[in-house]
1. Return the residue satisfying two criteria in turn: it lies in segment A:16-39 and is facing chain B (nearest Cβ under 7 Å) and of a type in the set (D, E, K, R), and of such residues it is surrounded by the most Cβ atoms within 10 Å (Cβ to Cβ).
2. Residues in segment A:40-52: is at least one modelled with pLDDT under 90 and more than 7 Å from every other protein chain (Cβ to nearest Cβ)?
3. Would you confirm, using the coordinates I've provided, whether A:Val127 is among the hydrophobic types (A, V, I, L, M, F, W, C), surrounded by 12 or more Cβ atoms within 10 Å (Cβ to Cβ) and closer than 23 Å to A:Ala54 by Cβ?
4. What are the residues in segment B:64-107 that are more than 8 Å from chain A (Cβ to nearest Cβ) and among the charged types (D, E, K, R), if any?
5. Look through segment B:26-49, keep the residues that are outside any helix (DSSP H, G or I) and within 10 Å of chain A (Cβ to nearest Cβ), and return whichever of them is farthest from A:Ala59 (Cα to Cα).
6. On the given criteria, is A:Arg107 under 20 Å from A:Arg17 (Cβ atoms) and among the charged types (D, E, K, R)?
7. Of the numbered conditions (1) surrounded by 19 or more Cβ atoms within 10 Å (Cβ to Cβ); (2) at pLDDT 90 or above, B:Ala61 fails exactly one; give the number of that condition.
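The values are calculated or read from the model by the stated rules, or taken from the named source; none is laboratory data. Here the structure is a predicted model, which is why all the values come from computation and not from measurement. Here the Cβ positions follow ideal geometry from the backbone for every residue, glycine too, while neighbour counts run over all protein chains shown.
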Amino acid sequence: MTDASAGQPEQDRRRPRSVYGVGTEPDVRFSLANERTALAWLRTGLALVAGGVALTTLASFGAGNAFLDVVAGLACIAGGVLAFAALSGWQRRERALRLGEPLPAPRILPALVIAVGLFALLMVGYVIVQLVT
Amino acid sequence: MTTGIDGDPGAQPQRTMLSWHRTVLAVTMGALVASMTAQRLGHPVLSGLAALAAIAGLGGALRRLRYWQPTASSRWSVLVQVTVAVMVLSVIGAALAVANILDTLNP
């Protein structure tokens, strides 16, 4: 079973058309690697959501803390954005693989770095304020 | 040298399937943790929603993954499903944070 004969009959059924409608079937190992990359991005987004939920629990001890809740909500939303970026990144990479183009740079990576850095700075600021007051 | 799955010494389909299972398990655990947090914070409706989403998402994803193959047409739909699950979870988490803020402001 070669790649060409395996790919051809299915090509009309597979979605999304913006990906499977262009180019030729790449080496299936590259497609699988691309899929694992998307899943790794999904788990990264999930880690942000889990961190946000954990922070909400933390904030609920004692009298409640609106600042921690705001940070937690932002972390959850960032995780959702990252999940969407995982999907759109998969599309862009699979398209580039099929067209034989160089892989596109991950657009969401700078945003993720900024978001995690901001998250850390907010928490450090919170700890310092707690220590001082 | 053969290319593709036939000449592949790296067990790519197995690795990808393990990656899928890891992700689905993580999403399910995340939803259950969100459910427990909601229960603790006194929001039984959100808690029930998160628990139902966890069960439905786990069942649906595992059922679809049975038809997963390296060139199957179902990859996109299951990828979309897990992505939507993570996004729903993020909305539930944000809703928990907002509910907590409202509780703090109006005790």
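1. A:Glu35
2. So in segment A:40-52, the residues modelled with pLDDT under 90 come out as none.
No: zero hits.
3. Working: among the hydrophobic types (A, V, I, L, M, F, W, C): yes; surrounded by 12 or more Cβ atoms within 10 Å (Cβ to Cβ): no; closer than 23 Å to A:Ala54 by Cβ: yes.
Criteria not met by A:Val127.
4. Scanning segment B:64-107 gives B:Arg64, B:Arg66.
5. Keep residues of segment B:26-49 that are outside any helix (DSSP H, G or I), which gives B:41-43.
Add one more test, that the residue is within 10 Å of chain A (Cβ to nearest Cβ), and what stays is B:41-42.
Values: B:Leu41: 10, B:Gly42: 14 Å.
Restricting to residues being outside any helix (DSSP H, G or I) and within 10 Å of chain A (Cβ to nearest Cβ), the top hit is B:Gly42.
6. Details: under 20 Å from A:Arg17 (Cβ atoms): no; among the charged types (D, E, K, R): yes.
Spelling it out, it is not the case that A:Arg107 is under 20 Å from A:Arg17 (Cβ atoms) and among the charged types (D, E, K, R).
7. The one condition B:Ala61 does not meet is (2).
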